[in-house]
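Some notes on the structure that comes next.
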Amino acid sequence: MPEAGKAKRLLGFDYGLKQIGVASGQTLTGSASGLTILKAVDGIPDWSEVEKLLSEWRPDLVVVGLPLNMDDSESELSTRARKFARRLQGRFAVEVEMVDERLTSREAKTIGRDQGHQDLTKIDHIAASLILQSWLDSPTIGCPP
C-alpha cells in the first residue's frame with residue numbers, strides 16, 4: 001500500500017480509439033470499481049467530460065493503461081495512450097502513471113459475461129477497474145507517460 005496513513009483518491013483510464021473506460025479507486029481499502037465509459041473519436045475524448053470527472057472525483061493520482069504487445073514491445077496504440085496520459089497531465093495538472101494493461105480486456109469480458117452483460121463491447125469501465133486494481137495491488141509498477 002502506498003504511504004500508510006494517507007488515503008489517496010484515484011481514477012483509472014482504459015484508453016481506446018472509440019471509447020475510454022473510467023474507474024475510481026482509493027488506497028484506504030485498496031479497491032477499484034468501474035465508473036463510466038467515455039466516447040472517443042479516433043482516440044480523442046470530449047475533454048469537457050474528462051474535466052467534469054476530474055473536478056468531481058479530484059484524484060490524487062490518475063492511472064492510464066499502457067497497451068503493450070505480448071513481447072513487451074510498444075505499438076501505435078501504446079504511443080497514443082502515452083499521448084493521452086501526457087495530455088491529462090498537461091491539461092489538468094494531475095499526476096499520471098501508466099500501467100501495463102495486457103489481457104485486461106479479455107479478463108473484463110469474462111467478468112462482463114459473469115455479471116450478465118449482454119453487450120461485451122461496453123466493458124471498458126471494467127477493464128479500467130482492473131488496470132487501477134493492478135496499480136493498487138503493486139503501486140511500484142507504475143511508470144511515467
Strands (runs of 3 or more DSSP E) lying entirely in segment 1-99 (those with 1 or more residues that are of a type in the set (Phe, Trp, Tyr)): 9-14
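Could you tell me which of the residues THR29, THR79 is within 17 Å of SER138 (Cα to Cα), more than 14 Å from the chain's Cα centre (by Cα) and among the β-branched types (Val, Ile, Thr)? Give the derivation first.
Values: THR79 fails: within 17 Å of SER138 (Cα to Cα).
Residue meeting the stated conditions: THR29.
Here is a yes/no grid of residues against (1) within 19 Å of GLN26 (Cα to Cα); (2) out of contact with any helix residue (DSSP H, G or I) (no Cβ under 6 Å at 6 or more places or on another chain):
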site	(1), (2)
GLU49	no, yes
PRO59	yes, yes
VAL64	yes, no
ASN69	no, yes
ASP72	no, yes
ARG80	no, yes
LYS83	no, yes
GLY90	no, yes
Residues located in segment 70-95, provided they are modelled with pLDDT under 95 and surrounded by 16 or more Cβ atoms within 10 Å (Cβ to Cβ): LEU77, SER78
Output for segment 108-145, where each listed residue is at pLDDT below 70 and assigned to a loop (DSSP other than H, G, I, E, B): HIS117, GLN118, ASP119, LEU120, THR121
Count - residues of segment 36-50 that are hydrophobic (A, V, I, L, M, F, W, C) and buried (at least 16 other Cβ atoms within 10 Å of the Cβ): 4
Contacts under 7 angstrom Cβ, first residue in segment 107-132 being of a type in the set (D, E, K, R), partner outside any helix (DSSP H, G or I) and modelled with pLDDT of 65 or more, 6 or more apart: LYS109/ILE123; LYS122/ILE37; ASP124/ASP14; ASP124/GLY16; ASP124/GLN19; ASP124/ILE20; ASP124/GLY21; ASP124/ILE37
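The values are calculated or read from the model by the stated rules, or taken from the named source; none is laboratory data. Predicted, not measured: the structure shown is a model, and the values here were computed from it. Here Cβ is always computed from backbone atoms with ideal geometry, including for glycine, and neighbour counts include all displayed protein chains.
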